[in-house]
Amino acid sequence: MDLLINGTSLLLVKGDITREKTDAIVNAANPQLAGGGGVDGAIHRAGGASIMAECRVIGACPTGEAVITSAGKLSVKKVVHTVGPIYRGGKDGEEEALRSAYRNSLRLAAGNGLHSISFPSISTGVYGYPVRDAARAALSEIVKFIKADDRIRMVRFVLFSEGDLTVYKEELKALKKDL
């Protein structure tokens, strides 16, 4: 499923983010930039040790913020590392922190001359954010960004499971009605 807004394509696919060929991929990192499981571990394994070496130099990334490194052995130019919130019931500022993670990732990519970017579903794995709520926040934040800033020409969501893809499609369809 896709949507064209302000000349930017917003696409939803099922796949493996480490195989993307966009200018950048986004890593759902932890605040210590220490690697880990899920998307984070997959990106570090596929990209090799140079990404971790750069993360060690950077040191940390607060929740909602983003940092950028080279891509090591990956087929992209850069990896944007962002930290999503741990879900604590939705009443602890989680939605704004999640929106901030997406917004800051897009700003950082655009500011580094990157024109295409692939996102995973941030915070929906071990951080426990409900997929539907995360999809709604992520998609609306990205649409808001690309309406105001045309430097990013393609945004892809690369979703790990068919179930996540279905939820994102439903949320994009609902969002499309309001555009």
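Scanning the stretch 46-55 turns up no residue that is hydrophobic (A, V, I, L, M, F, W, C) and under 27 Å from LEU175 (Cβ atoms).
Do the conditions hold for LEU108, that is, is it touching a strand residue (DSSP E or B) at 6+ places or on another chain (Cβ under 9 Å), modelled with pLDDT of 95 or more and more than 18 Å from MET1 (Cβ to Cβ)? Yes.
When ILE25 is tested against (1) in a loop (DSSP other than H, G, I, E, B); (2) within 19 Å of ILE117 (Cα to Cα); (3) of a type outside the set (D, E, K, R), only condition (1) is not met.
In the stretch 72-88, of all residues being under 13 Å from SER123 (Cα atoms) and out of contact with any Leu (no Cβ under 8 Å at 6 or more places or on another chain), the one that is most open to solvent (accessible area, probe 1.4 Å) corresponds to ARG88. Only one entry of GLY128, GLY93 meets the criterion of being under 26 Å from ALA34 (Cβ atoms), among the small types (Gly, Ala, Ser) and without any contact (Cβ under 8 Å) to a residue 24 or more places away in the chain, and that entry is GLY93. The residues in the stretch 143-154 that are hydrophobic (A, V, I, L, M, F, W, C) and surrounded by fewer than 15 Cβ atoms within 10 Å (Cβ to Cβ) can be counted, and the count is 1. For a quick check of your reading of the model, give me the residue pairs whose first member lies in the stretch 97-119 and is under 12 Å from VAL83 (Cβ atoms), whose second is acidic (Asp, Glu) and part of a helix (DSSP H, G or I), with beta-carbon atoms closer than 6 Å and at least 6 apart or on different chains. Sorted first by the residue in the stretch 97-119, then by its partner, the pairs are TYR102/GLU141.
The sole residue among ASN112, ASN104 that is farther than 14 Å from THR8 by Cβ and open to solvent by less than 50 Å² (accessible area, probe 1.4 Å) is ASN104. For the stretch 10-66, a residue qualifies if it is open to solvent by 30 Å² or more (accessible area, probe 1.4 Å), among the charged types (D, E, K, R) and out of contact with any Ser or Thr (no Cβ under 6 Å at 6 or more places or on another chain), and the qualifying residues are LYS14, ASP16, ARG19, ARG45, ARG56, GLU65.
Checking each residue in the stretch 124-140 for being open to solvent by 10 Å² or more (accessible area, probe 1.4 Å) and either of a type in the set (A, V, I, L, M, F, W, C) or modelled with pLDDT of 95 or more (or both) picks out THR124, VAL126, TYR127, GLY128, TYR129, PRO130, VAL131, ARG132, ASP133, ARG136, SER140.
Criterion applied to ALA24, ALA34, ALA97, ALA110 was being farther than 23 Å from LEU172 by Cα and of a type in the set (A, V, I, L, M), and the one residue passing it is ALA34. Taken over the stretch 9-22, the criterion of being in a helix (DSSP H, G or I) and out of contact with any Leu (no Cβ under 7 Å at 6 or more places or on another chain) is satisfied by ILE17, ARG19. Residues in the stretch 155-179 that are at pLDDT 95 or above and within 13 Å of the chain's Cα centre (by Cα) were compared, and the one that is surrounded by the most Cβ atoms within 10 Å (Cβ to Cβ) is VAL155.
The values are calculated or read from the model by the stated rules, or taken from the named source; none is laboratory data. If you're wondering where the values come from, they're calculated on a predicted model, not measured in any experiment. Glycine gets a Cβ as well: all are built from the backbone with ideal geometry, and neighbour counts include every protein chain shown. Surface areas here come from the heavy atoms of the whole protein model, side chains and all, with no ligands, DNA or RNA. Shrake-Rupley method; radii C 1.70, N 1.55, O 1.52, S 1.80 Å.
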